[in-house]
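The values are calculated or read from the model by the stated rules, or taken from the named source; none is laboratory data. Keep in mind that this is a model prediction, so the values were computed, not measured. No Cβ is skipped: glycine too gets one built from the backbone with ideal geometry, and neighbour counts run over all protein chains shown.
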Amino acid sequence: MVERETGGEARRADGQSTWIPATLPRRKPGAGMTAIVCRVVPLLTVLCACPATLSAQRPCDPAPRYPGPSHDLYCIHLFPALGVTASGTAQLDWIPGPFTANVAQDGTNLWRLTFKLDSLPPLPDGPAPGYVAWAMPQSLDPMIRLGTVRPGTTELGAFALQRFLVHVSAEPDTTATTRQGRLILRGESAGTRLRPADNYEFFLGGIGVPVDATEHMHHMAPQPDSLGWTGVPMYPRLDMLLSEMALRPPVHPWLPVPQPAAPPARPREVLTLRNGDTLDLTAGIVHRTIAGRGYTMFGFNGQYPGPLLRVPQGAHVVVRFHNQLPQPSTVHWHGLRLDSRFDGVPGLTQAAVKPGESFTYQLVFPDGGIFWYHPHVREDIQQDLGLYGNIFVEASRPDMWGPVNREEFLILDDLLVGEEGLIPYGEEHPTHALMGRFGNLMLVNGEPDWKLSVKRGEVVRLFLTNVSNTRTFNLSFGPGTRLKLVGSDVSPFARQAWVESVVIAPAERYVVEVRFDRPGTVAMINAVQGQDHMQGRFFPIVDTLGTVTVGTGPARPELTASFGALRTDRVVEAETGALLRANQGAPPQKILELRATFVDLPFVTQRLMKVDSLYHNPVEWAGTMPGMNFAAIGTQARWTLRDPATGRENEAIDWRFRVGDLVRVRLVNIRETLHGMQHPIHLHGQRFLVLAVNGVPNDDPAWKDTVLVPAGFAVDLLVEVSNPGPWMLHCHIAEHLQAGMMMTVNVEQP
Ligand code: C2O
Ligand code: CU
């Protein structure tokens, strides 16, 4: 029996109010779900649904049958206070919504707790006696009243804390907003294990002391090492170990050679293509100027990003690709369910196109929405240097997207630059093989200061694509600007939702609508919680990605009413509703564990990774261990997909499906992995639904091709096998892919 606490008022760590309304609006009958509306921060609502059953595998489940969500990270054991007999667990549950990682607008983790309590002591006398659960930061202030709990299972509302303590008290009056009664149970979230590293070990090992990196950089004249590396920028204002800063990757540095004849790159053009059209797409060296500095980079047709292709759904288009790069290359058409021969995977669907050679792709566009293209050879170099572009497929049904005043196509990226220009890439193998190459210069459509001017009241639809090597963005227009989330990779959402920010991992797409109703300027920001590994703390990071200038003249047509309403997409609802109901709670048919092994890492890196593995945040948002990450190469880190049914890994895995199959695939991000982190997993040529996250059913599907699996999470997918051929499945962190994290799925035509 599940009971749910439905009302309450509490404070967040920042003193803002967290309000959970006392009424539970009923979802439409038949869905088997109820919904609560969680007010997470003022002015903004997040719609979340609570499952009526607990049949699926959750973090606190004893003796699970299959690999599942991490017990260690997401199940808190509660201990009785002195002289009390009681026991229980508090489970950190995923909050149903459009993203697999739940965070507030400022990047703070959001959780909902499920309590399972046993043998509680008698209640005190009082006007309304009961047990009350509280959450609080380690400073014990503020104490957030989560709600009343009962013996058995109680699910409580959402709250935002990065790491926290949990108390259960026996209250004479459960309506009290501060704890008065006796403490009976207590526990702490795994994040509280973070403590400043014991630097004694590092002194003893003679491998260095923490330094203030920014100050130190001025004293350390970067002498190139024997391979020619001078180092990598340290994270501003974070302590680093000297020995970590001194690490250099054991490969040769590589950058494209400037070509005096290379043209200055131009901003991307929109190419409107019709059925039967042919396009020439040339990858070559370009000269870019970013924030006043010159860079030698790559571009498609001399543009940054590559041209935006606008095509009608169902069209056939021929692309003649010409490789003018100094490296072999291909083009992969990310998210298109096309003929596998034109999928652009070297060694699987074609041979890599050598410098000076060409390859002809025949493209089809069976789905409406936003897609993208990029090389599938050394993505860590080629994509990072600017080889990416969007494809907008205009849907044949006119109601796929609602009315807006304007549409914008935004490609999010980051570039890693130092004092001398671009930090070189590894020639033989990628550098940054631990967490991927985090950049320090944020780019929107290749520009560091993206700008948009709109009229007051204008409703803008943003088609967002994240093409960065590894960075997951938490994008917003600051507190208080509502975002209407309407679509993802391969379709609209069945039900639109208000969100306060968009969590977008590499290769994912989200479609979001924003109304700008106050004249002035609004910043588009990436707001996250960075992890200071040496000091064992989190700190807020806010990057401005661009600005929107809102004029005074009113926008025409006036779209307040349609913008204010959340729509249901009948087509996606009809395609997916029955699939979700039939498959949620059923056991996985295929499992992939996401793991890593490391060989020959420098001593300091091994030690730091051990210290760091006490806790893994669900998402590693920022590159705050730049030295050791930079110096680790693709042969030292082996990122793996492992099939526990056969024990096979990566390319040795042999999955065979038939067109028409529906396959429940569980992706389990194994917590014990040294330096565990999130992985955006992409399947080529098919589409899938997210069935559940950590055992909590998803009730708002969209068709997707890439899904973010946070550290210690288990994400259940339903793969609709619709397209014959050999297809890749891989992590879209460019350096993880290069470090082996890929496999092939073979689909036969029955
Ligand atoms: Cu964008 Cu193999 O992927
Ligand atoms: Cu990965």
Select from the range 353-395 the residues that are at positive phi and crowded, with 20+ Cβ neighbours inside 10 Å and write down the one among them that is nearest to ligand 2 (Cβ to nearest atom).
-> Arg378
Can you tell me how many residues in the range 295-307 are part of a strand (DSSP E or B) and on the phi > 0 side of the Ramachandran plot?
-> 0
Please identify the pairs in which a residue from the range 60-85 that is touching a residue at least 60 places away in the same chain (Cβ under 8 Å) has its Cβ atom under 7 Å from the Cβ atom of a residue that is basic (Lys, Arg) and surrounded by 13 or more Cβ atoms within 10 Å (Cβ to Cβ), counting only partners at least 6 apart or on another chain.
-> Tyr66/Arg666; Pro69/Arg58; Ser70/Arg671; Asp72/Arg671; Leu73/Arg671; Leu78/Arg186; Phe79/Arg186; Ala81/Arg186
Residues that are among the charged types (D, E, K, R) and closer than 18 Å to Ala81 by Cα: find the strands (runs of 3 or more DSSP E) completely inside the range 145-193 holding 2 or more of those.
-> 182-188
Does Asp399 satisfy being away from ligand 1 (no atom under 16 Å from the Cβ), out of contact with any strand residue (DSSP E or B) (no Cβ under 6 Å at 6 or more places or on another chain) and either of a type outside the set (Phe, Trp, Tyr) or free of Cβ contacts under 8 Å to residues at least 24 places away in the same chain (or both)?
-> yes
Could you say whether any residue in the range 495-507 is within 16 Å of ligand 1 (Cβ to nearest atom) and outside any loop (DSSP other than H, G, I, E, B)?
-> yes
Filter result (part of a loop (DSSP other than H, G, I, E, B) and of a type in the set (Asp, Glu)) within the range 397-414 = Asp399
From the list Leu338, Leu309, Leu348, which one is over 30 Å from Leu545 (Cα atoms) and either modelled with pLDDT under 95 or out of contact with any Pro (no Cβ under 7 Å at 6 or more places or on another chain) (or both)?
-> Leu338
Inspect all residues belonging to the range 714-735 and state whether any of them is among the aliphatic types (A, V, I, L, M), surrounded by 24 or more Cβ atoms within 10 Å (Cβ to Cβ), within 14 Å of ligand 1 (Cβ to nearest atom) and not in a loop (DSSP other than H, G, I, E, B).
-> yes
Residues in the range 346-397 that are among the hydrophobic types (A, V, I, L, M, F, W, C) and within 25 Å of Gly276 (Cβ to Cβ) total 12
Qualifying residues in the range 232-264 (those that are within 28 Å of the chain's Cα centre (by Cα), touching a residue at least 60 places away in the same chain (Cβ under 8 Å) and part of a loop (DSSP other than H, G, I, E, B)) - the one surrounded by the most Cβ atoms within 10 Å (Cβ to Cβ) | Pro249
Qualifying position, being acidic (Asp, Glu) and within 16 Å of ligand 1 (Cβ to nearest atom), among Asp699, Asp705 | Asp705
Please list, ordered by first then second residue, the pairs with beta carbon atoms under 6 Å, 6 or more apart or interchain, first in the range 273-291 and under 22 Å from Lys451 (Cβ atoms), second surrounded by 12 or more Cβ atoms within 10 Å (Cβ to Cβ) and aromatic (Phe, Trp, Tyr).
-> Arg288/Tyr295
So, first residue farther than 25 Å from Ser119 by Cα in the range 173-199, second residue in a helix (DSSP H, G or I), Cβ within less than 7 Å, six or more apart or across chains; the pairs are Ala197/Val611
Wholly within the range 627-710, which strands (runs of 3 or more DSSP E) include no fewer than the required count, namely at least 3 residues that are away from ligand 2 (no atom under 12 Å from the Cβ) and crowded, with 24+ Cβ neighbours inside 10 Å?
-> 687-693
The listed residue being touching a Phe, Trp or Tyr at 6+ places or on another chain (Cβ under 7 Å) and either surrounded by 19 or more Cβ atoms within 10 Å (Cβ to Cβ) or not small (Gly, Ala, Ser) (or both), out of Leu271, Leu308 = Leu308
The condition of being touching an Asp or Glu at 6+ places or on another chain (Cβ under 7 Å) and either free of Cβ contacts under 8 Å to residues at least 12 places away in the same chain or closer than 22 Å to Arg687 by Cβ (or both) holds, among Val404, Val331, Val317, only for Val317
Residue selected from the range 412-454 under the condition over 24 Å from Pro258 (Cα atoms), of a type outside the set (Ser, Thr, Tyr) and over 25 Å from the mean Cα position of the chain (by Cα), by the criterion surrounded by the most Cβ atoms within 10 Å (Cβ to Cβ) = Val454
Please tell me if Thr481 is outside any strand (DSSP E or B) and either within 21 Å of Leu545 (Cα to Cα) or of a type in the set (Gly, Ala, Ser) (or both).
-> yes
So which residues in the range 322-343 are farther than 27 Å from Glu408 by Cβ and either out of contact with any Lys or Arg (no Cβ under 8 Å at 6 or more places or on another chain) or within 14 Å of ligand 1 (Cβ to nearest atom) (or both), if there are any at all?
-> His322, Gln324, Leu325, Pro326, Ser329, Thr330, Asp339, Ser340, Arg341, Phe342, Asp343
When only residues in the range 278-294 that are assigned to a strand (DSSP E or B) and of a type in the set (Gly, Ala, Ser) count, which is farthest from Asn390 (Cα to Cα)?
-> Gly294
Qualifying positions in the range 713-731 - within 14 Å of ligand 2 (Cβ to nearest atom) and more than 19 Å from Ala652 (Cα to Cα) = Phe713, Val715
What number of residues within the range 484-494 are outside any strand (DSSP E or B) and more than 20 Å from Val444 (Cβ to Cβ)?
-> 2
Members of the range 568-606 that are among the charged types (D, E, K, R), surrounded by 14 or more Cβ atoms within 10 Å (Cβ to Cβ) and more than 25 Å from the chain's Cα centre (by Cα) | Glu575, Arg581
Identify the single condition in (1) surrounded by fewer than 24 Cβ atoms within 10 Å (Cβ to Cβ); (2) free of Cβ contacts under 8 Å to residues at least 60 places away in the same chain that Gly344 does not satisfy, given that it satisfies every other one.
-> (1)
Hits in the range 68-85 - residues which are part of a loop (DSSP other than H, G, I, E, B) and either more than 15 Å from Ile670 (Cα to Cα) or at pLDDT below 95 (or both) | Ala81, Leu82, Gly83, Val84, Thr85
Given the residues Ala221, Ala197, which is the only one that is part of a loop (DSSP other than H, G, I, E, B), under 18 Å from Gln606 (Cα atoms) and modelled with pLDDT under 80?
-> Ala197
Would you mind stating whether Thr624 is in a loop (DSSP other than H, G, I, E, B) and without any contact (Cβ under 8 Å) to a residue 24 or more places away in the chain?
-> no
